[in-house]
């Protein structure tokens, strides 16, 4: 079970985008990287194609290492660590260590 999942709100903790908050768009688990909305945006020069006949310069998000982001606490909005515990039904669930609040599966 992953600590950070798709659609989680995260904050970047290091690097040029430090302090930025965004939603996780994609998890690249084989390389321990995540793509976060509006974080680590780069410009790509693209050739004209059938999809994009104009070509030109396109801005897109690149991945950053998963250790450089922390989950946001749903209660306080601050960055927090993620813990795991068993709920009443005996299923494993994620929770925010700062507030103790359960993180719903999205």
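Could you calculate the FRET efficiency of residue 44 with residue 98 from 1/(1 + (r/R0)^6), where r is the beta carbon distance between them and R0 is 41 Å, rounded to 0.05?
Result of the calculation: an efficiency of 0.65.
Mind giving me the nanometre distance, one decimal, between the label points for residue 20 and residue 60, set 7 Å out from Cα along Cα→Cβ?
If labels sit at residue 20 and residue 60, their model points lie 1.6 nm apart.
Relative to the compact globular guide of 2.2 N^0.38 Å, what is the alpha carbon radius of gyration of the chain, as a ratio?
1.30
Each value in this text was obtained by applying a stated rule to the coordinates, not by laboratory testing. On a predicted model such as this, the values are computed, not experimentally measured, just so you know. Ideal geometry is used to build each Cβ from the backbone, glycine not excepted, and the neighbour counts take in all protein chains shown.
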